[in-house]
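Everything below concerns the one structure shown next.
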């Protein structure tokens, strides 16, 4: 049986991964900033990643530490930069400091984002392609990736990074989805037309959260995934195609609007993932595509 700490277990990805680990013979401990854990979480304890003292109560004798705590956002980071840096970067440094002092030899599993890439039209991005950070959040994620490499090089702290493009879906609770698909569903389920900025031609890799958890699980069990960065692949769709699937399901329309000035400055071109590096390690089978998932509503 593998043992783990999951920091950020109340978040969208964290709570799904926690339940997945429980179902796959992991002995997992859950932590988050909130006083109580998400319904269905076992072995939960409140924890503040920005407080160095909090780390002294962690169990150092584990195989993995899933660091899924963090602040997300686009323009929000410009106004709350201190909070973003404190949680997303200082929190990781606090973890490193505790691991060094406690002798913890766990491997850190870290989720990164499509937003570290410079988007490219009609091109599937590989892990070593050009980077571009247009938001504080994107900069935090790229800095964290670099910090993981730095501490591995200097102190032998092992890690695996998974870059995730557009997750969607929900296996429990009342929230249908997250991010892009969640926005579309929020409108459509209220019988409102979906709003798209521009012409909707921008493309993304869409991946169901269960497939994300499944991919992470099988990849980290493979010893060759140590100290590697992987794109998690998905379904290559334009935003218009994804919105049309949702709109057709619920019988609503799609309204096109000009990009707001700030959103246009921060948006990237296509971010579609090439996951051949991951596929050379494992054969991640995806059980869901967006159309079939929507059919279940």
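General remarks:
- Restricting region 219-231 to residues that are in a helix (DSSP H, G or I) and at pLDDT 95 or above, the residue that is nearest to residue 145 (Cα to Cα): 225
- Qualifying residue in region 161-170 (condition: over 20 Å from the mean Cα position of the chain (by Cα), surrounded by 18 or more Cβ atoms within 10 Å (Cβ to Cβ) and either touching a residue at least 40 places away in the same chain (Cβ under 8 Å) or part of a loop (DSSP other than H, G, I, E, B) (or both)): no
- Any hit, region 191-198, residues being closer than 19 Å to residue 231 by Cα and either surrounded by 21 or more Cβ atoms within 10 Å (Cβ to Cβ) or not assigned by TED's automatic domain parsing to the domain that holds residue 89 (or both): no
- Qualifying position, being surrounded by 19 or more Cβ atoms within 10 Å (Cβ to Cβ), in the same structural domain as residue 160 (by TED's automatic domain parsing) and farther than 17 Å from residue 141 by Cβ, among 68, 84, 47: 47
- Residue list for region 268-297, restricted to those being within 18 Å of residue 123 (Cβ to Cβ), in contact with a strand residue (DSSP E or B) (Cβ under 8 Å, 6 or more places away or on another chain) and in a loop (DSSP other than H, G, I, E, B): 268, 270, 274, 275
- Members of region 199-215 found to be surrounded by 15 or more Cβ atoms within 10 Å (Cβ to Cβ) and more than 17 Å from the chain's Cα centre (by Cα), listed by number: 200, 202, 203
The values are calculated or read from the model by the stated rules, or taken from the named source; none is laboratory data. Model, not experiment: these values are computed from the prediction. A quick note on method: Cβ atoms are made from the backbone with ideal geometry, for glycine too, and the neighbour counts reach across all protein chains shown.
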